[in-house]
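Chemist: There's a structure below that I have some questions on.
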Amino acid sequence: MRRHLLTLAAAMTGALALAAGTASAAGAPRWTETGTAYTDTLGGGQGLASHADGSLLYRGLADIPLGLRLKGWNHVGDPDIARGHVFDAYQGADTAPSKMFTVTTPAGKRYEYVHPLGQGEKVNNSFAAVSPDARWLVAGEWGEQHRLQVFPAPLLNPSTPATGGTLAEAGQITLDRPVRDIQGCDFVTDTRLVCASNDATGTHFPDLRPLLQVDLPHALDGRPVTGTVTGLFALPQRSTCTSGTYETEGVDYDPATGTLRAQVIQPGVCAVATTVYAYRETTG
């Protein structure tokens, strides 16, 4: 369901300042902040994805269908859209033995794909990111991680059941350095992802709540691969509220426009609003 952005700009004017462009590692892309928008957190604070026509799909806890809630799926993560199909990542209680992905077709038909947890796998299902060839689905867990999970993309990969069912893991992206609290990822190219981290410890990267880059040696093919992680820059923490905790959420890259967007839930009583920061890659 498409969400309308809240008109909060007037209230936030004093807190906004467009960045001139930043990257925290030599040779990494420079992203220039180009705009700021807002969405209601309950209806859009978990993630976002861009349609082919440039419109945005938002996901929040209010978007979980009643039928899925009754089955125990109480959290939806950062979504993705591939070839008109909407991919959602769901998780249940901490004791749940599985996680679940749904695919909604352009005609509105929804299929459910359940993944039984493997040895040592966490129940968290923070995001869904589909590779540019629409064959592979990347997902991630909470906490400190040394990997991202790779599944055949439900419905679009012919190896998956055509009407839902069990989804087995295809492989993993082993990360060359640990990351923490990844809330969302999206592909920028077939060998590069950008990921939003809610890590505010400064342990693994100097920036707090950083945007990260994961480079692959080749496009995903369902086999294990190692990804090189680079810290790009800290996502902004700007609000009229001065107390409370920010929370990084979803991230989206729109290849049609070259626009990168990342979400940050505002702190304290301002947490009813989620800020959506937009960036464009800068050359030179």
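The values are calculated or read from the model by the stated rules, or taken from the named source; none is laboratory data. If you're wondering where the values come from, they're calculated on a predicted model, not measured in any experiment. All Cβ positions, glycine included, derive from the backbone under ideal geometry; neighbour counts span all protein chains shown. The accessibility values were calculated without ligands, DNA or RNA, using every heavy atom of the protein model including side chains. Shrake-Rupley method; radii C 1.70, N 1.55, O 1.52, S 1.80 Å.
Chemist: Would you pick out the residues in the stretch 111-136 that are in contact (Cβ under 8 Å) with a residue 12 or more places away in the chain and over 21 Å from C195 (Cα atoms)?
Modeler: Y111, E112, Y113, V114, H115, P116, L117, G118
Chemist: Okay, moving on. Sort through R209, R261, R223 and tell me the only one that's basic (K, R) and touching a residue at least 60 places away in the same chain (Cβ under 8 Å).
Modeler: R261
Chemist: Can you name the number of the only condition in (1) crowded, with 17+ Cβ neighbours inside 10 Å; (2) in contact (Cβ under 8 Å) with a residue 60 or more places away in the chain; (3) in a loop (DSSP other than H, G, I, E, B) that G231 fails?
Modeler: (3)
Chemist: Moving to a separate point now. Looking at the stretch 1-109, what helices (runs of 4 or more DSSP H) fall wholly within it and have at least 2 residues that are modelled with pLDDT of 90 or more and within 27 Å of C241 (Cα to Cα)?
Modeler: Answer list for the stretch 1-109: 41-44.
Chemist: Considering each of G165, G143, G184 in turn, give the residue that is among the small types (G, A, S), at pLDDT 95 or above and touching a Lys or Arg at 6+ places or on another chain (Cβ under 7 Å).
Modeler: Result of the check over G165, G143, G184: G143.
Chemist: Continuing with this model, one more query. Could you tell me whether V269 is buried (at least 23 other Cβ atoms within 10 Å of the Cβ), closer than 22 Å to R59 by Cα and of a type in the set (A, V, I, L, M, F, W, C)?
Modeler: No; evaluated as a whole, the condition is false for this residue.
Chemist: On to the next question. Checking T174 against (1) among the polar types (S, T, N, Q); (2) in contact with a Ser or Thr (Cβ under 9 Å, 6 or more places away or on another chain); (3) free of Cβ contacts under 8 Å to residues at least 40 places away in the same chain, which single condition isn't satisfied?
Modeler: Against the list (1) among the polar types (S, T, N, Q); (2) in contact with a Ser or Thr (Cβ under 9 Å, 6 or more places away or on another chain); (3) free of Cβ contacts under 8 Å to residues at least 40 places away in the same chain, T174 comes up short only on (3).
Chemist: Tell me which of these T248 doesn't satisfy, since it passes every other one: (1) out of contact with any Ser or Thr (no Cβ under 6 Å at 6 or more places or on another chain); (2) polar (S, T, N, Q); (3) open to solvent by 20 Å² or more (accessible area, probe 1.4 Å); (4) touching a residue at least 40 places away in the same chain (Cβ under 8 Å).
Modeler: With respect to (1) out of contact with any Ser or Thr (no Cβ under 6 Å at 6 or more places or on another chain); (2) polar (S, T, N, Q); (3) open to solvent by 20 Å² or more (accessible area, probe 1.4 Å); (4) touching a residue at least 40 places away in the same chain (Cβ under 8 Å), T248 is out only on (3).
Chemist: Inside the stretch 272-284, can you point out the residues that are more than 18 Å from L57 (Cα to Cα) and open to solvent by less than 20 Å² (accessible area, probe 1.4 Å)?
Modeler: None; the set is empty.
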